[in-house]
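Below is one structure; the comments refer to it alone.
The values are calculated or read from the model by the stated rules, or taken from the named source; none is laboratory data. These numbers were taken from a predicted model, which means no experiment stands behind them. A quick note on method: Cβ atoms are made from the backbone with ideal geometry, for glycine too, and the neighbour counts reach across all protein chains shown. Protein only, heavy atoms only, side chains kept; ligands, DNA and RNA dropped before computing areas. Shrake-Rupley method; radii C 1.70, N 1.55, O 1.52, S 1.80 Å.
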Amino acid sequence: MDALSPANGLKLQLPALNSRHARTFFTQFVAVPRRRSGSVLKNGRVRALAKNPGIDFCDPEWKSKFQKDFENRFYIPHITDVFDDAVAIPSTFCLKSRTPVNEDFADGYPSDEKWHGYINNSDRVLLKVIYYSSPTSAGAECIDPDCTWVEQWVHRAGPREKIYFKPETVNAAIVTCGGLCPGLNDVIRQIVITLEIYGVKNIVGIPFGYRGFSEEIAEMPLSRKVVQNIHLSGGSLLGVSRGGPSVAEIVDSMEKRGINMLFVLGGNGTHAGANAIHNECRKRRMKVAIVGVPKTIDNDILHMDKTFGFDTAVEESQRAINSAYIEAHSAYRGIGIVKLMGRSSGFITMQASLASGQIDICLIPEVPFHLHGPHGVLSHLKYLLEKKGSAVVCVAEGAGQNFLEKTNATDASGNIVFGDIGVHIQQETKKYFKATGNPADVKYIDPTYMIRACRANASDGILCTVLGQNAVHGAFAGYSGITVGICNTHYVYLPIPEVVSYPRVVDPNSRMWHRCLTSTGQPDFV
């Protein structure tokens, strides 16, 4: 049980970051390539199979070679990779024995060998659970042209029987980066509570994202008393920001403060930064655990069922959609337009449209569309007004950017600043119907900041609680450069490079998108 899963071959890592400027920092490691995990052929049915160009499918051993390569890629780094002499001790986390651990650990580390609540290091979770019999099946993700079934296993998350940090020597820090997201306080709270259960006494929050590692910003001491009720409010107790010092400066600050556990809450860019910090710590031979918790309201982290805040965003979106529906339905020739979050991924827009049952047109970044022309959105809106008297459009912020004037402006994270597609559609709709001689009453709603700032709902509250607990379990188990997530309803640890290579997006050939089209009844706008 004590043995760590062996690593075979090289481990995939992002390069270390050496720039001393925040702009370079986030340009290199946060603005990740915006490509898709697969593509759809012109017939609209078969996803591209060329994503494994290095595999010779004529080789009878290709399947075992693929699995070996997959195992190498999804190996999760451990401190024993750098410190061969690292000593494992019995875990101080045991729910069967609830005696508080004293400050001096005079009686040793409590352990109960009969408690079967620990995860074995060899436990795995299947990454893919659907067997596609044909590449033409809806949403098929095939490794080879014959859609051969290949098992792909990832590491199961949870408490281990042996740990690699003595709780009394741990100086833990938590940082929240990027934008606001429902559930941030829930994760912070649970990380602190779980750390204290292990016996950790020194816990701090780094204010305002990576910027908080600057000398002029004081850290915030955290304890169960401090975080007990923070989950009852939205936002982040620690504050958020984009940008920050260079990786070298961040690690310098960690060394000066004695931080040996860092929990990073953020999206793709934040995780890329966390991986660079992990690499720099290894380079300096620092015994530090860097663990990410994926925070993105867009739900665009690879390999994960969902990220925290997403369910709340979909639920809160219903209020905006219902308001747009009432406005449109109550007006003469009324049209309601709602813009939701989603830079590269249309998950919120798609799921919110499905949940409401009030959307006539759903527009997402992954599916191109035309506004004008006989098969355009405006033509369909004209048809809807003639047939039912009103219509409601739901559009993701990253959709239709080809209609807007492009700029070279970027935010502090290095992301391109998008034009407002919602306002553009509103204006084009008004002009279109005015030109026909039958003006439409167009109402536009953008609930973005109302959704980001709200408290997590029950579903996200549970997800945040388990993610926070497993982040701490992973750190004490000695893992670093990992993130925790939910995969096929089970909680897993994944190496950061495998989740930040590019955003997860809606597959236009997936059953869920087909269900959305069935619900809205919209045609193909190309």
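The single condition among (1) assigned to a loop (DSSP other than H, G, I, E, B); (2) in contact with a strand residue (DSSP E or B) (Cβ under 8 Å, 6 or more places away or on another chain) that H372 does not meet is (2). Evaluating T296 against the criteria (1) at pLDDT 95 or above; (2) closer than 18 Å to C454 by Cα leaves one unmet condition, (1).
Does A218 fit the bill of being open to solvent by less than 30 Å² (accessible area, probe 1.4 Å), farther than 25 Å from R452 by Cβ and not in a helix (DSSP H, G or I)? So that I can check it myself, show each step before the final result.
Values: open to solvent by less than 30 Å² (accessible area, probe 1.4 Å): no; farther than 25 Å from R452 by Cβ: yes; not in a helix (DSSP H, G or I): yes.
No, not satisfied.
Taking every residue in region 125-138 that is free of Cβ contacts under 8 Å to residues at least 40 places away in the same chain and pairing it with any residue that is of a type in the set (A, V, I, L, M) and open to solvent by 50 Å² or more (accessible area, probe 1.4 Å), at least 6 positions away or on another chain, the pairs with Cβ-Cβ distances below 9 Å are S137/I130.
Being of a type outside the set (D, E, K, R) and either crowded, with 20+ Cβ neighbours inside 10 Å or at pLDDT 95 or above (or both) holds for only one residue in F403, F310, and it is F310. Of the candidates P53, P60, P90, the single residue that is modelled with pLDDT of 75 or more and either open to solvent by 100 Å² or more (accessible area, probe 1.4 Å) or within 30 Å of E141 (Cβ to Cβ) (or both) is P60. Checked against the criterion of being on the phi > 0 side of the Ramachandran plot and surrounded by fewer than 21 Cβ atoms within 10 Å (Cβ to Cβ), the candidates G521, G481 yield just one match: G521.
Within region 308-323, residues that are at negative phi have Cβ atoms under 6 Å from residues that are charged (D, E, K, R) in these pairs: F308/D460; D311/D460; T312/D460, counting only partners at least 6 apart in sequence or on another chain.
Just one of the listed residues (V367, V377) is open to solvent by 20 Å² or more (accessible area, probe 1.4 Å), β-branched (V, I, T), touching a Phe, Trp or Tyr at 6+ places or on another chain (Cβ under 9 Å) and touching a residue at least 40 places away in the same chain (Cβ under 8 Å), namely V367. Taking the stated definitions as given, is G158 among the small types (G, A, S) and crowded, with 18+ Cβ neighbours inside 10 Å? Against the criterion (among the small types (G, A, S) and crowded, with 18+ Cβ neighbours inside 10 Å), G158 qualifies.
All of (1) farther than 20 Å from E498 by Cα; (2) modelled with pLDDT of 95 or more; (3) not polar (S, T, N, Q) hold for Y449 with one exception: (2). The listed residues are T465, T410, T429, and the only one of them that is modelled with pLDDT of 90 or more, more than 20 Å from the chain's Cα centre (by Cα) and either surrounded by 18 or more Cβ atoms within 10 Å (Cβ to Cβ) or not small (G, A, S) (or both) turns out to be T429. Among residues of region 223-252 that are touching a residue at least 40 places away in the same chain (Cβ under 8 Å) and buried (at least 22 other Cβ atoms within 10 Å of the Cβ), those with a beta-carbon under 6 Å from a residue that is small (G, A, S) and outside any helix (DSSP H, G or I) at least six positions away or on a different chain give the pairs L238/G205; R242/A412; R242/S413.
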